[in-house]
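Student: Quick one: structure below, then a few questions.
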């Protein structure tokens, strides 16, 4: 793991550009809106990238502001993962970021494969497109926990060595 | 440092005389016109792929003008010195003498100076005149040419360094130059490559000594940078960039090792540093500073960045320039902030602001030279990011100067939260004039802020990044709000949520909505319709996300929502009414079954309302609409005070007594004048997906209220065929005392005559007569538990089997005068009769016998009480009708297998012109049994009055049991005992009364005088006209007891008596008809002799006699032969083109007679006189 890489926020966005889950890891309560904006505006950049680059999931640095660098990732099923990392002088390596994204992707993947995701009484009404959005609902805590865990481990690489 | 020369230098040399000649000037001019060189492929041994140089400028310089500047130790570009030296010789190709004498020596001299130079190539150009060459021919080739000689003398290695140019004045043939240009290219490339290899070797060596004492990064930098400038010189920008990247990495390494002794301080800001154009490489003497080892890191990094950007710009990679600048400004800004105390206050913000904007300007000026159609959006996006970066600095500066509040969205640009009571920093040191002017005056600042933001928005819009632009619009609105330009702010905030809503970015949408609400509040605008829309949209975002996506502190959320709610409560009372569809804050769940109110008409529906908001919602009315199969609609309503957060169960009441299954159509919740509506009806859009259609529509079952007001239709008690049809409307008041009711009937293509209405019920007298208008009937004051029957005539419907009548009825009960209940019922009534009647007539002189055969048309048993044949007007017609069966015949059952027959004798004075009518009193077996059961239940109730309430259910239950099994029918038909099969379930409350009634019915007998309801049909019957009724009689004219023997001739008379009683000419004695008679042959029994066949004249009451002789052919008992009588066509009357035959009926008077013929015994001898001889 790269040292000094601190995640400020992670956002999962559905193929239809609906927010699935936006987690912020900063203390400021008011600052959360900033990351919601980041997640939302990233969609524009992802759109630009996705049209040019095809096969690769990892989209690289989308843009950076003064304090955060925003990286993007798009799963083969077009679920977008946006990651806002605190900007440091050190260059974050794409390999590391790709690894973090893969971990986030797996967290999402295990959340979406929950067979009880869609409530039974609405099975007809809920479209398949609504499924990703449901995964981020507050009902499914495990997904949030896993995302938080990933962010914690990334920020504290020392703990990864522990068994 | 001086900018690198743009071109590669190539020197030329020759004899002075030639160089000053006009032909050389011409050659040089032509050569220059061939330049620059294009599409040079550099295949380097040290590089993996071929580098292509699209265009390379070559400057041709006289060798003498190049001075050796080897004195300088600073490594500069490799292109500073010529890569190639050319010597031009001009002697005739075969002029070997001249060559040997002078030219060779000159070349030798030149060659000696040139070939010693490092990393330089040489080339000898032999210019030959085109015309002389032709002259020379091939005769003297043995001697060899000058060129060959030169080759032999100087070109010792493999590389070809001599080239011949065939030159003719005035012609500019590119082909002539091709070889020379190739050589030029090859020579230059090889020289360049060897130079590069050597320089790279130097760099590597220097890098290897990094750890050694005395190594200097700055020196290394200058050395390595010379490579980059060289690459740049031959337009290999990518390679140049690679060099800078490597240098940057080396710098980071040095940075990591904290070995920055070659640099001055991190920054030693000069007064103008914060506003200097970032990408200009000549704003400071950077190279000198580097060489002097006292450049600051700040300057160093800016230098590297500007060089990189310049190269990128040359490579037309302007988008990357923007990106690089942005990253650099952010990253280095952070570094500078670490030493904030050492630099002037707000230096970083000012520096980033000015640098970002100057970089954009620089990019624009580069961009104007480059064609970047496809990359234009990305370039704009990059510029927009830079402008936004500058704008963010304005946020920070604005907060610092307290021109802007320290809260989102402005505070998002703060990197560290601003301490509460921080002293405003001085802005004195900001050197950007625009910025420092803005920071002196709030309005100027706001103008700058808006201008910068709009610039960013514009660029984002051009690059297609809508979402970035939206975000900036939001910040502009926030500025408007802060400045008190509330209308502007409100307009923006009202329009922004619509952009976030479609993708359910609830968080951002809700922020915009709360801002809009706040603005509205601050502006003290009336809480009008728009405000309510915004508020409802806000509640919607709250409800959709369950409150989790709201970006506000957890504890203040519910307080804020309830505060909004109470504001809404006030607002809705004085609002023009409006409706709002499908709001998600409230969700209604309707129970699938309604319950009856046992004390009055109507039913209750349980509805669970989920309120997703954290506070109670004040409501005034909740209602639910149901629709039935015939699109009748019912409304269930209840009034309510408020709906608490979470689930609330309410009971909705509908006064309409209706039963069946209904579809949940819509529901409404009213808050004073605000109406929230939900449509529950789903129509499946996609045909294929059956799953979506299923289970979406909610069905509600309402049980049947047997005591409720009801209207039913029946066939009238008397159906007269041929008369105006009518139907019976039965109004059952049930438990209600009706104050007034009015109803109308409608059916397709049927006209009801409300004026011709008659009340056929017994209570008609007591209540007020119906008040009928052409389209409605109104009744007043009906007592409870009563059936009021109204007979309504209507137009002919004989073409239909049944008619579907829609009844619209309103009524008010005496107990609840305020509630007007209205029902829309659809009833189907059969117009066909259950029986059919056939008639057969038999004329016997003056009498007529009519036989009526009544058969059932359905599979049901029909019980017929009696059938009567009525004369049209018994006094006048003189008809006498006798029924053949006795009146005590009892009830006849007509089954599909067994029709009933009724025979009547009609005596009349003359022919019957008017129709008789056949009245049949009947009922269906089912009706009879229902009546029997009802009667029995009635009796049981008299004994046990407790069961009174269960009267109707018990009857229904018993009938249900009868329906289950038809085995009781036969026994009932014979004896009247009704054995009800089965019994109600043991836990049924109806079991006990049902068992009692069952027992009673088992001993039931058919009553001697039938009771219960009966139906009547009146069928008009015409008596046929018969012109001639003939009675034929064969009478044996002999004594009564005389024995007859076979073979014996029997004299007989045939008498035909004719009467015209039933015909058109009754009692007309003059009338005559020609008739024909024919005695039937019975060849086995009778031999008939005499006038067997003939004609006669028939008169009224006349008799025609003819004698016959019959001989019986064998013994036995025979009927007499039949006589067929037919009328002959009338000679005088012709109808319809053919001869009219009067209709005739003949009956055989002797038809029932039989004659006994004895066998002839013994022998008879007949003596026949033979006559005299």
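Student: Would the stretch B:1065-1072 turn up any residue that is touching a strand residue (DSSP E or B) at 6+ places or on another chain (Cβ under 8 Å) and in contact (Cβ under 8 Å) with a residue 40 or more places away in the chain?
Tutor: no
Student: Is at least one residue of the stretch B:1028-1046 over 60 Å from the mean Cα position of the chain (by Cα), closer than 30 Å to residue B:836 by Cβ and surrounded by 14 or more Cβ atoms within 10 Å (Cβ to Cβ)?
Tutor: yes
Student: Looking only at the stretch A:39-67, how many residues end up being more than 9 Å from chain B (Cβ to nearest Cβ) and either under 24 Å from residue B:474 (Cα atoms) or part of a strand (DSSP E or B) (or both)?
Tutor: 5
Student: Restricting attention to helices (runs of 4 or more DSSP H) lying wholly within the stretch B:455-569, give those where 1 or more residues are touching a helix residue (DSSP H, G or I) at 6+ places or on another chain (Cβ under 9 Å) and within 14 Å of chain A (Cβ to nearest Cβ).
Tutor: B:466-483, B:497-500, B:506-522, B:529-545
Student: Conditions: (1) surrounded by fewer than 20 Cβ atoms within 10 Å (Cβ to Cβ); (2) part of a helix (DSSP H, G or I); (3) more than 14 Å from chain A (Cβ to nearest Cβ). Residue B:427 meets all but one. Number of the miss?
Tutor: For residue B:427, the exception is condition (2).
Student: Still on this structure, I have one more. Would you mind finding the one in B:396, B:387, B:321 that is free of Cβ contacts under 8 Å to residues at least 60 places away in the same chain, outside any loop (DSSP other than H, G, I, E, B) and either more than 10 Å from chain A (Cβ to nearest Cβ) or out of contact with any strand residue (DSSP E or B) (no Cβ under 8 Å at 6 or more places or on another chain) (or both)?
Tutor: Unique residue meeting the criteria: B:396.
Student: Under the condition of being within 13 Å of residue A:10 (Cα to Cα) and at pLDDT below 80, which residue from the stretch A:23-38 is nearest to the other protein chains (Cβ to nearest Cβ)?
Tutor: This residue is A:32.
Student: Report the residue count in the stretch B:984-1016 for those that are surrounded by 15 or more Cβ atoms within 10 Å (Cβ to Cβ) and farther than 15 Å from residue B:938 by Cα.
Tutor: The qualifying residues number 7.
Student: Look through B:805, B:837 and report the one residue that is under 28 Å from residue B:718 (Cα atoms), touching a residue at least 12 places away in the same chain (Cβ under 8 Å), surrounded by 13 or more Cβ atoms within 10 Å (Cβ to Cβ) and over 38 Å from the mean Cα position of the chain (by Cα).
Tutor: B:837
Student: Out of B:792, B:829, B:819, which single residue is in contact (Cβ under 8 Å) with a residue 60 or more places away in the chain, more than 17 Å from residue B:1018 (Cβ to Cβ) and assigned to a loop (DSSP other than H, G, I, E, B)?
Tutor: Working: B:792 fails: assigned to a loop (DSSP other than H, G, I, E, B); B:829 fails: assigned to a loop (DSSP other than H, G, I, E, B).
That would be B:819, the only listed residue that is in contact (Cβ under 8 Å) with a residue 60 or more places away in the chain, more than 17 Å from residue B:1018 (Cβ to Cβ) and assigned to a loop (DSSP other than H, G, I, E, B).
Student: Within the stretch B:695-765, considering only strands (runs of 3 or more DSSP E) that don't extend past its boundaries, which have at least 3 residues that are at pLDDT 80 or above and more than 26 Å from residue B:953 (Cβ to Cβ)?
Tutor: B:718-720, B:738-746
Student: Please verify whether the stretch B:996-1014 includes one or more residues that are in a loop (DSSP other than H, G, I, E, B), touching a residue at least 60 places away in the same chain (Cβ under 8 Å) and closer than 30 Å to residue B:847 by Cα.
Tutor: The answer is no; no qualifying residue exists.
Student: Right, another one. If you take the residues in the stretch B:100-147 that are at pLDDT 60 or above and in a loop (DSSP other than H, G, I, E, B), which one is nearest to residue B:177 (Cα to Cα)?
Tutor: Here the residue is B:145.
Student: Are any residues in the stretch A:95-133 within 16 Å of residue A:78 (Cα to Cα) and at pLDDT below 75, and if so, which ones?
Tutor: A:128, A:129, A:130, A:131, A:132, A:133
Student: Among the numbered criteria (1) buried (at least 20 other Cβ atoms within 10 Å of the Cβ); (2) within 14 Å of chain A (Cβ to nearest Cβ); (3) without any contact (Cβ under 8 Å) to a residue 40 or more places away in the chain, which single criterion is violated by residue B:299?
Tutor: (2)
Student: Another one. Before we move on, is residue B:407 out of contact with any strand residue (DSSP E or B) (no Cβ under 8 Å at 6 or more places or on another chain), assigned to a loop (DSSP other than H, G, I, E, B) and either more than 11 Å from chain A (Cβ to nearest Cβ) or at pLDDT below 85 (or both)?
Tutor: It is true that residue B:407 is out of contact with any strand residue (DSSP E or B) (no Cβ under 8 Å at 6 or more places or on another chain), assigned to a loop (DSSP other than H, G, I, E, B) and either more than 11 Å from chain A (Cβ to nearest Cβ) or at pLDDT below 85 (or both).
Student: One residue is enough: does the stretch B:930-948 have a residue meeting the conditions surrounded by fewer than 18 Cβ atoms within 10 Å (Cβ to Cβ), in contact with a helix residue (DSSP H, G or I) (Cβ under 6 Å, 6 or more places away or on another chain) and more than 25 Å from residue B:1016 (Cα to Cα)?
Tutor: yes
Student: Got at least one residue in the stretch B:335-345 being touching a residue at least 12 places away in the same chain (Cβ under 8 Å) and at the interface with another protein chain (Cβ under 10 Å from one of its Cβ atoms)?
Tutor: yes
Student: So which residues in the stretch B:860-914 are under 17 Å from residue B:1061 (Cα atoms) and either outside any loop (DSSP other than H, G, I, E, B) or at pLDDT 80 or above (or both)?
Tutor: Result: B:877, B:880, B:881, B:905, B:906, B:907.
The values are calculated or read from the model by the stated rules, or taken from the named source; none is laboratory data. Everything numeric in this text was worked out from a predicted model, so none of it was measured. Note that each Cβ is placed from the backbone with ideal geometry, even for glycine, and that neighbours are counted across all protein chains shown.
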